[in-house]
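**Student:** Below you will find the structure I want to go over with you.
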Amino acid sequence: MNSNIVLGTSFSPEYAISLGCERPLELLEIINKELNIKDIRLGLRWNVVERDKKISLEYYDKYLKYLFKNNIKVCLNIGPIKVFRWPEEHIPKYISVKREEYITPDMDIAKYSYEYFEKLLILLKKEYGKKLDNVMFQIENESFYRFGKLGLLMSQEYIIGLLEILKEYFPNNRIMFDSSGRTNLKEIVNLFKDINDMRIYPYDSLVLGFNYYFKLPKRFQRDPLKGLSFSSMSIAKLHQYQKELGFGLEISEGQFEPWGKVITPGNSHVDYQYLIEKSSRYFPHNYPYKLIRLWGSEEFALKIFNRKVNEEHKRIIESISLY
């Protein structure tokens, strides 16, 4: 076992409820206590935080308090427009946007986004203060990839605008951006160069996440670290940039749940082993903190909660405990 590998996850209480769980906080506790996962990403959805044009963290408060109380490393995906889990774009109903728009700072949705974003940061600072000192923030989710019900893309200029606001309130925190496989590595590295050159955040405050999905509906199993077009950045080239510039790396989503007819992720020990062994190659050999976030821990924890764990699940649980 590679001692530098750390297992983390993403947790969505909204998704847990959609699975039929009436007490999502108990699933979070299972993930933390029974699976011993202590690095967790939580998403704050714009259309949940803002209701009737007033913002409140009441919905997320108990989850945030649990994370802080139990000394968990926290990543907050604060959007504003894209936060992980379908439909990806979690926008209040009073804001209209066309499908497949390219978001630039001069657009109405960007102006609404900036205004809400600053209010959210002020509220976070007011409610949680120094507890946020070590939190890593994620700006938008897959900002350069058209995955989502609306298929929106974000311009670099729009992203820079968000970061300039974030810096006013959280100048010393780390920031994560995620790529859909190798598709957007080049754009994110170029963004990192501009962020550093503009002295918004230094390289060592930036983290490049990789969304690793190896079994998709209607496709054969594949290794997303390989096999895309020659225009996609290679992992060897990424390692070179990481060594030269010093930004961080993580597997932001490692497939650990079924997707449509593909039912084995999260239910097969072989698939789990494949995920850990293959996705660990995303990191340079001696990288000190190889974080792999298991995507789908809500569904896995619900099986434990409902006592519907089979022998395959028990083998996975045993393997997870080794980390």
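What follows is calculated from the coordinates using simple rules that are stated; it is not laboratory data. Predicted model only: the values in this text are computed from it and were never measured. Counting neighbours? That spans all protein chains shown, and the Cβs are built from the backbone with ideal geometry, glycine included.
**Student:** May I ask which residue of Leu67, Met154, Ile37 lies farthest towards the positive end of the charge dipole of the chain, with charges of +1 (Lys, Arg) and -1 (Asp, Glu) on Cβ and the Cα centre as origin?
**Tutor:** The one lying farthest along the dipole's positive direction is Ile37.
**Student:** How far apart, in nm, are the 7 Å Cα→Cβ label points at Lys53 and Lys130?
**Tutor:** The modelled label-to-label distance comes out at 3.8 nm.
**Student:** Which residue, Asn172, Asn77, Asn32, tops the fluctuation ranking in a GNM of the chain built on C-alpha contacts under 10 Å?
**Tutor:** Asn172
**Student:** Can you give the extra length, in nm with one decimal, that the chain gains between Val270 and Tyr94 once fully stretched, where that is 0.36 nm per residue apart less the Cα-Cα distance?
**Tutor:** 58.8 nm
**Student:** Considering only DSSP beta bridges with both partners in the stretch 5-321, what is the antiparallel share in %, to the nearest 5?
**Tutor:** Of all bridge pairs located within the stretch 5-321, approximately 10 percent are antiparallel.
**Student:** Oh, and also: Would you list Ile165, Ile91 from fewest to most Cβ contacts within 10 Å?
**Tutor:** Final ranking by Cβ density, sparse to dense: Ile165, Ile91.
**Student:** I would also like to ask the following. In the Gaussian network model of the chain, springs joining C-alpha atoms below 10 Å, which of Met136, Met107, Met176 carries the largest mean-square fluctuation?
**Tutor:** Largest GNM mean-square fluctuation: Met107.
**Student:** Still on this structure: Would you mind calculating the gained length between Leu150 and Ser234 on full extension (0.36 nm times residue separation, minus the Cα-Cα distance), in nm to one decimal?
**Tutor:** Length gained between Leu150 and Ser234: 27.4 nm.
**Student:** Given a cut-off of 31 Å, name the pairs among Lys69/Lys314; Lys73/Lys218; Lys93/Lys314; Lys125/Lys303; Lys65/Lys278 whose C-alpha atoms lie farther apart than that in the structure shown.
**Tutor:** Violating the 31 Å Cα-Cα cut-off are Lys73/Lys218; Lys93/Lys314; Lys125/Lys303; Lys65/Lys278.
**Student:** Pairs Lys126/Lys167; Lys98/Lys193; Lys98/Lys126; Lys82/Lys111; Lys149/Lys243: which are spaced more than 25 Å apart, C-alpha to C-alpha?
**Tutor:** Correct reply: Lys98/Lys193; Lys98/Lys126; Lys149/Lys243.
**Student:** With 10 Å bins from zero, work out the P(r) of the chain over every alpha carbon pair and list the percent per bin.
**Tutor:** Going out from 0 Å in 10 Å bins, the chain shows 5, 27, 37, 25, 6, 0 percent.
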